Ligand code: NOJ
Ligand code: CA
């Protein structure tokens with residue numbers, strides 16, 4: 001990593017994250033909804049898989065029109081999860097185990113129920129008049145954005161950031177149109193107050209012991225900013241504040257464009273199911289590469305572009321899934337899931353495992369939308385711990401569970417998989433422990449693609465750190481394949497699906513296999 005002035009928390013060098021959707025992890029008071037006590041009880045579980053850090057989806061007070069991404073009080077956790085004290089205890093328990101916890105910060109919008117918005121809707125000017133992006137007439141809507149209209153005494157339309165109950169907080173316009181006085185510059189008082197307030201929110205939780213934030217829609221804050229220049233500048237300002245006050249705090253953006261976010265001072269950015277990364281080509285399209293009949297070349301091309309531009313400023317992180325995407329198991333199954341994890345856990349950047357993906361939990365088809373989940377609801381079903389009542393998630397009646405459980409009698413669970421050495425769970429545990437032993441495989445090891453040709457298997461890349469080089473060979477296809485390689489293969493440190501053979505510079509590998517080879 002090149003030196004720059006910004007701090008890079010050391011703990012990210014080998015971090016492996018586990019995303020917890022708190023609603024669905026473990027319910028300890030039989031109300032059908034997961035809670036902090038449940039997460040605390042399962043920290044040892046998360047650690048036993050090998051994960052070192054947790055990202056927890058929003059847990060703040062909210063009317064839950066968007067599963068908590070519609071915050072109504074940034075300083076108080078939602079009662080259903082516990083108290084602020086319980087969350088502090090969760091941080092302490094994680095730290096006692098050497099783990100870290102990221103909260104989910106939603107800086108782009110609030111709920112309409114937030115007291116700031118209630119004040120902002122008033123006709124009389126007040127402290128919150130400019131907290132949101134308002135036009136100055138009900139008859140004018142902000143160009144290119146949906147708006148909330150006709151619900152305020154104030155004459156104006158309020159810009160919407162996502163769902164219509166999520167008004168956009170005002171960080172200003174990058175280049176305000178002088179003819180539209182309501183478009184405020186980034187350095188105007190209203191936008192500056194919003195930014196200061198968001199820093200206060202971060203300070204509050206970091207002081208309590210949280211280790212950083214996953215930032216929701218991080219690229220959306222400054223308006224009229226198609227290249228993200230204003231938003232990058234805004235995040236650089238936040239980075240400077242964190243470097244000063246909380247140098248070990250880690251920041252990961254939901255942006256999906258590392259060239260921009262990492263320049264903005266984020267330590268990490270996700271590749272996502274939207275944006276330019278071709279992430280879906282690998283896991284979620286008609287013919288995903290990891291199902292054995294797809295193409296990774298466009299992904300690799302884009303990855304290398306981003307890596308060259310920004311991969312030395314921060315980490316490009318590839319998640320197994322998240323609460324917004326279809327479950328991995330909807331498109332990738334059986335041994336292909338293991339090969340997909342051999343990829344996820346050997347790429348640069350910090351890997352993120354979505355709760356339940358470690359046991360291959362399925363997308364639950366046909367469930368009614370819960371808390372604004374719509375099609376995403378099927379990926380948010382209760383964690384399947386064992387074969388007891390409600391898969392061990394809750395002792396509430398089944399009809400009261402947050403989202404219905406996967407009804408499949410053969411649904412996977414943690415108990416069975418931890419008892420079976422051949423399970424996906426054990427494969428992932430193995431892969432993480434190998435990653436932990438080899439810096440070349442960790443966040444900052446370099447990557448060089450050896451083979452990533454169009455419509456070709458296997459995918460082959462070399463990971464390097466210092467003196468250590470490791471060749472990763474992934475063949476999810478149904479046939480034996482070869483590639484030429486001018487190095488020599490040393491010890492095989494991971495192998496799934498059979499032996500790799502090398503003869504006259506040609507490496508041949510079996511169908512449906514994955515392997516890592518020392519290659520110094
Ligand atoms: C992205 C979050 O991941 C998603 O769940 C949410 O609905 C939107 N942002 C709006 O906050
Ligand atoms: Ca509960």
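The values are calculated or read from the model by the stated rules, or taken from the named source; none is laboratory data. Not measured: the values here are computed from a predicted model. Here Cβ is always computed from backbone atoms with ideal geometry, including for glycine, and neighbour counts include all displayed protein chains.
Pairs under 7 Å by beta carbon, first residue in the same structural domain as residue 320 (by TED's automatic domain parsing) in region 330-348, partner modelled with pLDDT under 95, six or more apart or different chains?
348/311
Take the conditions modelled with pLDDT of 95 or more, under 33 Å from the mean Cα position of the chain (by Cα), more than 12 Å from residue 346 (Cα to Cα) and surrounded by fewer than 17 Cβ atoms within 10 Å (Cβ to Cβ) and apply them to residue 497. Does it pass?
Numbers: modelled with pLDDT of 95 or more: yes; under 33 Å from the mean Cα position of the chain (by Cα): yes; more than 12 Å from residue 346 (Cα to Cα): yes; surrounded by fewer than 17 Cβ atoms within 10 Å (Cβ to Cβ): no.
No: the conditions fail for residue 497.
So residue 369 clears everything in (1) within 22 Å of residue 67 (Cβ to Cβ); (2) away from ligand 1 (no atom under 16 Å from the Cβ); (3) part of a loop (DSSP other than H, G, I, E, B) except one condition, right? Which one?
Here residue 369 clears every test but (2).
Scan region 79-98 residue by residue and report those that are crowded, with 22+ Cβ neighbours inside 10 Å and either within 16 Å of ligand 2 (Cβ to nearest atom) or part of a loop (DSSP other than H, G, I, E, B) (or both).
Correct list: 81, 82, 87, 90.
Could you grab me the full set of residues in region 368-394 that are more than 20 Å from residue 416 (Cβ to Cβ) and either within 15 Å of ligand 2 (Cβ to nearest atom) or surrounded by 18 or more Cβ atoms within 10 Å (Cβ to Cβ) (or both)? Quick ask: steps written out before the conclusion?
Residues of region 368-394 that are more than 20 Å from residue 416 (Cβ to Cβ), as a first pass: 368-380.
Within region 368-394, 370, 371, 372, 373, 376, 377, 378, 379, 380 meet the criteria.
Would you be able to tell me the number of residues in region 132-145 that are touching a strand residue (DSSP E or B) at 6+ places or on another chain (Cβ under 6 Å), part of a loop (DSSP other than H, G, I, E, B) and buried (at least 17 other Cβ atoms within 10 Å of the Cβ)? Even if it seems obvious, please write down each step before you answer.
First, pick out the residues of region 132-145 that are touching a strand residue (DSSP E or B) at 6+ places or on another chain (Cβ under 6 Å): 132-134, 141-142, 145.
With the extra rule that they be part of a loop (DSSP other than H, G, I, E, B), the set shrinks to 133, 141-142, 145.
Narrowing further to those that are buried (at least 17 other Cβ atoms within 10 Å of the Cβ): 133, 141-142.
Adding up the residues that qualify gives 3.
Taking only region 99-131 into account, find how many residues are farther than 18 Å from residue 58 by Cα, out of contact with any strand residue (DSSP E or B) (no Cβ under 7 Å at 6 or more places or on another chain) and assigned to a loop (DSSP other than H, G, I, E, B).
10
Can you pull out the residues in region 62-106 that are within 16 Å of ligand 1 (Cβ to nearest atom) and in contact with a helix residue (DSSP H, G or I) (Cβ under 6 Å, 6 or more places away or on another chain)?
Correct list: 74, 103.
Look through region 265-324, keep the residues that are more than 26 Å from residue 475 (Cα to Cα) and in a helix (DSSP H, G or I), and return whichever of them is nearest to ligand 2 (Cβ to nearest atom).
Among those residues, the one meeting the criterion is 310.
Please verify whether residue 70 is touching a strand residue (DSSP E or B) at 6+ places or on another chain (Cβ under 9 Å), at pLDDT 95 or above and either away from ligand 2 (no atom under 14 Å from the Cβ) or assigned by TED's automatic domain parsing to the domain that holds residue 268 (or both), treating the condition exactly as stated. Can you show your working first?
Values: touching a strand residue (DSSP E or B) at 6+ places or on another chain (Cβ under 9 Å): yes; at pLDDT 95 or above: yes; either away from ligand 2 (no atom under 14 Å from the Cβ) or assigned by TED's automatic domain parsing to the domain that holds residue 268 (or both): yes.
Yes.
Can you go through 190, 156, 219 and tell me which one is more than 23 Å from the chain's Cα centre (by Cα) and assigned to a helix (DSSP H, G or I)?
Numbers: 156 fails: assigned to a helix (DSSP H, G or I); 219 fails: more than 23 Å from the chain's Cα centre (by Cα).
Residue meeting the stated conditions: 190.
Matching residues to (1) touching a helix residue (DSSP H, G or I) at 6+ places or on another chain (Cβ under 7 Å); (2) closer than 21 Å to residue 20 by Cβ; (3) without any contact (Cβ under 8 Å) to a residue 40 or more places away in the chain:
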{"position": "378", "(1), (2), (3)": "no, yes, no"}
{"position": "388", "(1), (2), (3)": "no, yes, yes"}
{"position": "421", "(1), (2), (3)": "no, no, yes"}
{"position": "425", "(1), (2), (3)": "yes, yes, no"}
{"position": "430", "(1), (2), (3)": "no, no, no"}
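Quick check on region 329-344. Is at least one of its residues under 27 Å from residue 37 (Cβ atoms) and touching a helix residue (DSSP H, G or I) at 6+ places or on another chain (Cβ under 7 Å)? Outline the logic, then answer.
Residues of region 329-344 under 27 Å from residue 37 (Cβ atoms): none.
No, region 329-344 contains no residue that is under 27 Å from residue 37 (Cβ atoms) and touching a helix residue (DSSP H, G or I) at 6+ places or on another chain (Cβ under 7 Å).
Starting from residues that are touching a residue at least 60 places away in the same chain (Cβ under 8 Å) and surrounded by fewer than 22 Cβ atoms within 10 Å (Cβ to Cβ), keep the ones in region 34-56 and report whichever is farthest from ligand 2 (Cβ to nearest atom).
Keep residues of region 34-56 that are touching a residue at least 60 places away in the same chain (Cβ under 8 Å), which gives 34, 45, 48-51, 53, 55.
Next, from what is left, pick out any that are surrounded by fewer than 22 Cβ atoms within 10 Å (Cβ to Cβ): 45, 48-50.
Details: 45: 17, 48: 23, 49: 23, 50: 27 Å.
The residue in question is 50.
So, in region 159-187, how many residues would count as being over 14 Å from residue 221 (Cβ atoms), within 16 Å of ligand 1 (Cβ to nearest atom) and part of a loop (DSSP other than H, G, I, E, B)?
Of the residues in region 159-187, 3 are over 14 Å from residue 221 (Cβ atoms), within 16 Å of ligand 1 (Cβ to nearest atom) and part of a loop (DSSP other than H, G, I, E, B).
Applying the selection to region 20-60, what residues are assigned to a helix (DSSP H, G or I), within 16 Å of ligand 1 (Cβ to nearest atom) and in contact with a helix residue (DSSP H, G or I) (Cβ under 8 Å, 6 or more places away or on another chain)? Working first, answer last.
Going residue by residue through region 20-60, those that are assigned to a helix (DSSP H, G or I) are 22-24, 36-41, 43-49.
Still in the list and also within 16 Å of ligand 1 (Cβ to nearest atom): 22-24.
Of everything in region 20-60, just one residue is assigned to a helix (DSSP H, G or I), within 16 Å of ligand 1 (Cβ to nearest atom) and in contact with a helix residue (DSSP H, G or I) (Cβ under 8 Å, 6 or more places away or on another chain), namely 22.
Can you list the strands (runs of 3 or more DSSP E) lying wholly within region 472-520 that have 3 or more residues being farther than 28 Å from residue 333 by Cα and assigned by TED's automatic domain parsing to the domain that holds residue 287? Let's see the steps before the verdict.
Details: elements: 481-484, 492-496, 501-503, 506-509, 513-518.
Here the list is empty.
Can you find a residue that is within 16 Å of ligand 1 (Cβ to nearest atom) and assigned to a loop (DSSP other than H, G, I, E, B) anywhere in region 449-457? It would help to see each step written out before you state the result.
Kept after step one, since they are within 16 Å of ligand 1 (Cβ to nearest atom), are these residues of region 449-457: none.
No.
Please tell me if residue 349 is surrounded by fewer than 20 Cβ atoms within 10 Å (Cβ to Cβ) and outside any helix (DSSP H, G or I).
Working: surrounded by fewer than 20 Cβ atoms within 10 Å (Cβ to Cβ): no; outside any helix (DSSP H, G or I): yes.
Here the answer is no, as residue 349 does not meet what is asked.
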